[in-house]
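Here the structure comes first, spelled out in structure tokens, and everything after it is commentary.
The values are calculated or read from the model by the stated rules, or taken from the named source; none is laboratory data. Computed from a predicted structure; not experimentally measured. So basically every Cβ, Gly included, is an ideal-geometry build from the backbone, and we count neighbours across all protein chains shown. When the accessible area is computed, the model is the full protein with side chains, heavy atoms only, and any ligands, DNA or RNA have been set aside. Shrake-Rupley method; radii C 1.70, N 1.55, O 1.52, S 1.80 Å.
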Amino acid sequence: MKLFGHLSSTPERQIPLELSEATLSATSAELREIAGFLLHAAKAMDQLGKSFDHMHLSDTLRQFENSPALVVAVGASA
């Protein structure tokens, strides 16, 4: 697993930076919703196999539309 991200001060930057750490500042309810999304993404990844590319949290759970983007993508080891 690797973590990538964009700085909020430079959203136009096209190439994501590899992160050594990520911090989620969220409520316990939000963490449960995110955990459900991650399980959903894992199931989709298993079902779709090589045709799975990526999945956005905000596309799955509309309450996160105004939150920073959380994207699950296939890793190089997948």
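With a probe of 1.4 Å, find how much accessible area the chain has per residue, and write the answer as a whole number in Å².
For the chain, the per-residue accessible area is 83 Å².
Applying the criteria of a DSSP loop state and at most 14 other Cβ atoms within 10 Å to the GluC sites (Glu not before Pro) of the range 1-60 yields Glu12, Glu21.
Per atom type, the chain shows carbon and sulfur on 55% of its accessible surface, probed at 1.4 Å.
Note on the chain: helix-only mean residue ellipticity at 222 nm, from DSSP H runs of 4+ residues weighted -39500 (n - 2.57) and normalised by residue number, equals -10000 deg cm²/dmol. Annotation for the chain: trypsin sites (Lys or Arg not before Pro) lying in DSSP loop with at most 15 further Cβ atoms inside 10 Å of their Cβ are Lys2, Arg13. First measure r as the distance between the Cβ atoms of Glu65 and Ala44, then evaluate 1/(1 + (r/R0)^6) with R0 = 25 Å and state the FRET efficiency to the nearest 0.05. The calculated FRET efficiency here is 0.80.
Using the Cα coordinates of the chain, the gyration tensor eigenvalues translate into equivalent-ellipsoid semi-axes of 20, 18, 12 Å, sorted from longest to shortest.
About its Cα centre, the dipole of the chain is roughly 140 debye, where the only charges are +1 on Lys and Arg Cβ and -1 on Asp and Glu Cβ.
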